[in-house]
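**Student:** Here it is, the structure in full.
The values are calculated or read from the model by the stated rules, or taken from the named source; none is laboratory data. Note that the coordinates shown come from a computational prediction; the quantities given were computed from them, not determined experimentally. Note that each Cβ is placed from the backbone with ideal geometry, even for glycine, and that neighbours are counted across all protein chains shown. Calculation scope for accessible area: heavy atoms of the full protein, side chains included, ligands and nucleic acids excluded. Shrake-Rupley method; radii C 1.70, N 1.55, O 1.52, S 1.80 Å.
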Amino acid sequence: MKTIYYLFGVVFPILVSACTSIPRNSESVDEYPEIFPDNVNVTIPSNIAPLTFYYCQDAQDYITRFSCGETEIVVKGQDVSPSCNQWAKLIDGTDPISVDSYVKDGDKWYHYKQFQYFKAQEIDEYLSYRLIPPAYSNFNDLKLIIRNLTNFRERVFYDNMNLQTSENSQCVNCHTFRNYGTESMQIHVRQYLGGTIIFDKGKLRKVNLKCDSTISSGVYPAWHPTHDYIAYSTNITAQSYHTSDPNIIEVLDQASQLILYDLDRNTVSMVFNNPDYLACYPAWAPDGRRLYFTAAYLPYNAQETPDKTRYFYNHSTEIHYDLYYKDFDPATKRWGDAVKVIDAAGMNKSITLPRVSPDGRYLMFSMGNYGVFHLWHPESDLYVLDLSTGQYRNVEEINSDCAESYHNWSSNGNWVVISTRREDSGYTRLYLAHHNGDGTFDKPFALPTKNPRHSVFLMYSYNIPEFSIEDIPFTAKELSGIVKNMQSEFVPYGE
Amino acid sequence: MWKSDKLNNLVCICLIVAVWPVLAVSSAPLLEHLGDFSFFVGTADFFSQKVFAVAGFLDYLCLFLNQLLFYPWLAALLLTALLVAVYFLSLSIFRIDKQNPSIALVPVALLLATVTGYGRHLFLLENMNVFYSSAIGFLISLCITQCLMRCNGFICKLIALSVAGIVGYLLFGVYALFGLLLFFCKTVSDSLRDRKTLVLCLVTLLIVALLPVFFNCQYFAGLHLMDFVDNKNCNVLPYILLAVVSVVLCFIPVKGCTGYALALVCLLFLCGGGKEFRTEINMHSALEKENWNKVLSLYSNYSDYCTKLNDKKYAALQKRSDKLKRQDKIKLLEDFYENDYKTPNRAMAQFRLIALMRTEDVADGLFNSLEGILDRKDESYSTRLSYVYGAEIMNNWGMFNCAYVLSESYRVHAGTNYYNLKESAKSLMLAGNYKLATKYLMVLASTGKYDKWAKQHLDYIQSGELSQAGRSRYNHELSLAVQRDDVFLQKDRVEMILMNAFVLWKQPDIENVTPQYSLSAMLWALYSQQIPEFWNAFTQYLIVNREAKMPLSFQEAAYLYAKLEQPELLQTLPFDASVVKKYQAFDRYVQKNSNLTQVEMRHYCSKEFGNTFFYFYYFVRNFI
């Protein structure tokens, strides 16, 4: 009996008081709450992990109500992180999720304007990226990570700290997949134990694409969608530092070409090689019959400046990449002529990173004032080109006043991931935006993290986001072992 | 009268506890160098980032404890407590005569040697974790051994072994395996009585051998494991000795008072080997007390020590190379300079430079033959000036981009360094990049030491004060900001290039030039061996420092400039007679011995001319 009284008298009230109730007398505020990240009225995939945020204002208390149809979830606290189970109930169905924010300031509760999460098509289950500190003279501590977008699980699939030493450093990136699947994928390792690791149809190889005809090993890759080819750029790249320009860093090529690696024949052939041009960023059309790329015309004048590197840096603001394509016959490996699609130089602009949508209708690219590396250019924005009409526009709805750059389409073409520095102008973060199918996009939202403050304390930048529909078939240890134990195979030049 | 074992225990504990004030007092000056502490934030993300890796939990724990280093006495107390715990566990685990437990001091002494970083620099470490990770790590090893020994029954022991092995390894890394190894040694030494004991030993060995194969251990002794193994600066000797002694003590009973003697030998041996470390500590301590003469005297003694050592080695090499071909001889000597040449380390050089700058005899003895090796590849020397002036250069004189770049390149990420994060934030605020400054300030606001500063500046930003009245504080610095933009390519030398721009392009109006500014501008030019640029800075220095005596090193550089560029100055400028004589002697010597190789010339020149700018200019390379 005493136990029952104890339960009702002590425990029960505690339990009841722990249940959060919506404040009844709250004053309405006709503006949205200030939250971070700003996920107000965004469109989200129907299989995405829970969106979390925190209230930027300091107040006594916070209550957030999520509702969708009959389902209602209430979360207390400044940091709003619904659990995966709670979220699963909300994300079910097509009705939007409504979010009501109640903030207690002093003795009064304020009810902010309701915002919504609109649901749309599913997104690819996985997203791979590199986490890299924005360090300028060392590249220690790089990780390649694959993240499950339907929850918060991340897995490191390559960690350069497993192999590199204080005297032998190693850089790794350019993880790419063919057609969003991981049964054909590659990563690029530079410096210590360097080489390109290619996994294709169960076969592993480690190659060195540098030969007499190429200026470097392969850098930016693009898997051919239907045949066993990979297009690469080769680049002589250097990084420099501004003395007062707020852009701080300038990454420039002083030479670059485009090559094609034939996996079956194990040969490399030239796609674009003109010493007066800098060619970069190959990207295939979905049918594999056209290769888009960017190229800038800047002939080197040795008389003006004997030091070639210095020459290019002196003329860095004159380096403007245009958008080109070359037609390609996969059966015969014959190329058409280079055709200019957008004359960015004529506008004093520079295009980088063309990416064609999976339906072949649109091409998204980044455009800045000059140069080949736009993450350090706050003016760089994303543009979308309608390939059927040739018209392109600034995708204002997903751009910000900071740099937007490396982007990719999801496999169904309904989503894009963009690399952006909008949060703090210094660290790259990933945002996802819904494509409406007509070249317009909805407001982007931040890659969901379990802790809404994760981005503030994370001192790494996200890099090279790539969608995939399946997990990578290697553990970090396995890949480290492959990198360490496989000898780099020299690839000869041949047609 | 107490029993001898209790008396011995008391003596041993007193000896250990005596470490507390010694460590606190001697280390306090350097432990208070706040900027170099490992960064820690109490967020779930930081925790999960760390713990994610094998041995990450221990690393996380030590990062947390490192915050105590802000309070040196507390930090030293904790360390002493850990040493006492190690002592008692050693008594319990090893075959130590309980009547004379002094031998237990030996592991304690060796552990102290690892913790104090024999041969390392405590306060310039990028990662301070070694301070606690070694102590806690070894304690964990002993605890695991003790727990396994106390388990009764074969099944219980087997389960404990597996759990301790797997879970312990994931949490504490190599230390857990070492605990298992000690258990193995104890079991073997207690005799392999039966099959079950044999099975236990085999299982132990299997776990120790196989776990690292399946799970890479990321951390050890506060570093990434690969860094620890590969790092020349990290002396592994005390770690090896500690491991060996621990294993030996499992087998060999030691009786008598040999423990005191052995512990003393350990300490003397290891302390004797830590001359560099001790000199550095003492120099830093003297610097903090502004005892400039003592700093210079310590440096001078250490230089003499290095010179004697180098002379001996050089003489031995000369003997060895007598029969070699000329090319091989040159190679041998060059290798010696590259790899074995003993010099004051970077910290000592910095302290000396600071002391020189602060004394009236500034730059009379600016150059030292030991600093800068023929084609030395150590790029850490390339950033010497910025280390000396640090924030003064980067933030007070408007090198905003530099501060941001450098702070990032010193890995202000995943929590490395409070100081650079703070300087980054300040630099960004001055440059008007409030967005990124806010991020850093929010991170600093969650730390224990900089939270007030960070919150205050966050308020400034949010209220707009920083952009208005707040910035008037920095008017002078802002006026010196580099206006002309250019790009520079050399990695790791960006601050030298920016100083170049700062020194040469943006000369402030003469009324705004401080003596310190003009001095550092000239120093930069001297160290970068750019004679014409030196002259520009020199003329400015003359205007600003009319009353000051012209230091010898500057006269030497000016004389060299006159010789090379403007001979007419030789007649007009009042060079000290000693400077003229020195140059003439140097010139004669070089002419007379022109048949020597560069390496030989350098070695012999260093004896008489090593402390002159002439020598520095002609023989030292890659200094900046």
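**Student:** Among all the lysines, which ones have a C-alpha under 28 Å from B:LYS98's C-alpha, if same-chain residues fewer than 8 places away are not counted?
**Tutor:** Of all the lysines, those that pass the test against B:LYS98 - Cα under 28 Å, at least 8 places apart if same chain - are B:LYS3, B:LYS6, B:LYS157, B:LYS186, B:LYS255.
**Student:** For B:LEU205 and B:LYS275, compute 0.36 nm times the residue count separating them, minus their Cα-Cα distance, and round to one decimal in nm. Display every interim value, and only then the final one.
**Tutor:** On the way: separation 70, 0.36 × 70 = 25.20 nm, distance 3.92 nm.
Between B:LEU205 and B:LYS275, full extension yields an extra 21.3 nm.
**Student:** Using a 1.4 Å probe, how large is the accessible area of B:ARG95, given in Å² and rounded to the nearest 10?
**Tutor:** Here the accessible area works out near 80 Å².
**Student:** Going by average Cβ neighbours within 10 Å, how do the peptides B:586-593, B:14-21, A:274-281 rank, with the highest at the top?
**Tutor:** Ranked by mean Cβ neighbours within 10 Å, highest first: A:274-281, B:14-21, B:586-593.
**Student:** At 1.4 Å probe size, what's the solvent-accessible area of B:THR572? Round to the nearest 10 Å².
**Tutor:** Probe radius 1.4 Å; accessible area of B:THR572 about 100 Å².
**Student:** Rank these by accessible area, largest first, 1.4 Å probe: A:TRP376, B:TRP453, B:TRP73.
**Tutor:** The most accessible residue leads, giving B:TRP73, B:TRP453, A:TRP376.
**Student:** As a test of reading the structure, rank A:ASP61, B:ASP322 by solvent-accessible area (1.4 Å probe, protein chains only), most first.
**Tutor:** Putting A:ASP61, B:ASP322 in descending order of accessible area: B:ASP322, A:ASP61.
**Student:** Here is a follow-up. Please sort B:291-298, A:157-164 by packing, taking for each peptide the average over its residues of neighbouring beta carbons within 10 angstrom, highest first.
**Tutor:** A:157-164, B:291-298
**Student:** Residues of B:47-53, mean number of Cβ from any other protein chain within 10 Å of their own Cβ, rounded to a whole number? Walk me through the numbers on the way to the answer.
**Tutor:** Values: counts 0, 4, 6, 0, 0, 3, 3.
Averaged over the peptide's residues, the number is 2.
**Student:** Testing the spin-label approximation: label points 7 Å from Cα along Cα→Cβ at B:LYS319 and A:VAL251. State their distance in nm.
**Tutor:** Result: 5.6 nm between the two label points.
**Student:** Angle, helix A:476-485 long axis vs. longest principal axis of chain A, Cα atoms, 0 to 90°, nearest 10?
**Tutor:** Taking Cα atoms only, the helix is inclined about 20 degrees.
**Student:** Further question: Just how far, in whole angstrom, is the stretch A:443-461 from the stretch B:53-82 if you go by their alpha carbon centroids?
**Tutor:** Comparing the Cα centres of the stretch B:53-82 and the stretch A:443-461, I get a distance of 29 Å.
**Student:** Shifting gears a bit: Can you tell me the relative contact order of the stretch A:252-396? Whole percent, Cα pairs under 8 Å, sequence separation 6 or more. Don't skip to the answer; put the middle values down first.
**Tutor:** On the way: 324 pairs, mean separation 26.0, N = 145.
Computed value for the stretch A:252-396: 18 percent relative contact order.
**Student:** Listed highest first by mean packing, meaning other Cβ atoms within 10 Å per residue, what order do A:251-259, B:332-340 come in?
**Tutor:** Going by the mean number of other Cβ atoms within 10 Å, highest first, we get A:251-259, B:332-340.
**Student:** At 7 Å along the Cα-to-beta-carbon direction for both B:ARG326 and A:ALA88, put a label point, then send me their distance in nm to one decimal.
**Tutor:** Label at B:ARG326, label at A:ALA88, 8.2 nm between them.
**Student:** Express the relative contact order of chain A as a whole percentage, based on alpha carbon pairs under 8 Å and six or more residues apart in sequence. Before the final figure, lay out the partial values.
**Tutor:** On the way: 1264 pairs, mean separation 74.8, N = 495.
Over chain A, the number comes to 15 percent.
**Student:** Could I ask something else about it? List the lysines whose Cα lies under 24 Å from the Cα of B:LYS439, skipping any in the same chain that are fewer than 8 positions away.
**Tutor:** Excluding near neighbours in sequence, the set is A:LYS143, A:LYS443, A:LYS450, B:LYS50, B:LYS422, B:LYS426, B:LYS449, B:LYS452, B:LYS455.
**Student:** Report the local net charge at B:PHE586: Lys and Arg +1, Asp and Glu -1, summed over other residues whose C-beta lies under 13 Å from its C-beta. Don't jump to the answer; show the numbers that get you there.
**Tutor:** On the way: positive: B:LYS563, B:LYS581, B:LYS582, B:ARG588, B:LYS592, B:ARG602, B:LYS607; negative: B:GLU556, B:ASP587, B:GLU608.
So the environment of B:PHE586 carries a net charge of +4.
**Student:** Per residue of A:451-462, what is the mean number of Cβ atoms on other protein chains within 10 angstrom of that residue's Cβ?
**Tutor:** Across A:451-462, the average partner-chain Cβ count within 10 Å equals 5.
**Student:** Report the label-to-label distance for B:PHE214 and B:VAL17 in nanometres (one decimal), using points 7 Å from each Cα along the Cα→Cβ vector.
**Tutor:** Placing both labels 7 Å beyond Cα along the Cβ direction yields 4.6 nm.
**Student:** To the nearest whole number, what is the average tally of beta carbon atoms from other chains within 10 Å of the beta carbons of peptide B:425-435?
**Tutor:** Taking all residues of B:425-435 together, the mean is 2.
**Student:** Additional query: Add +1 for every Lys or Arg and -1 for every Asp or Glu among the other residues with Cβ under 13 Å from the Cβ of A:ASP95, and state the total.
**Tutor:** -1
**Student:** Taking every eigenvalue of the Cα gyration tensor of the stretch A:40-188, multiplying by 5 and rooting it, what semi-axes result, largest first, whole Å?
**Tutor:** Semi-axes (√(5λ), whole Å): 39, 22, 11.
**Student:** Before rounding to the nearest 500, sum -39500 (n - 2.57) across all DSSP H runs of length at least 4 in chain A and divide by the residue total; then give [θ] at 222 nm in deg cm²/dmol.
**Tutor:** Calculated at 222 nm, the ellipticity per residue is -2000 deg cm²/dmol.
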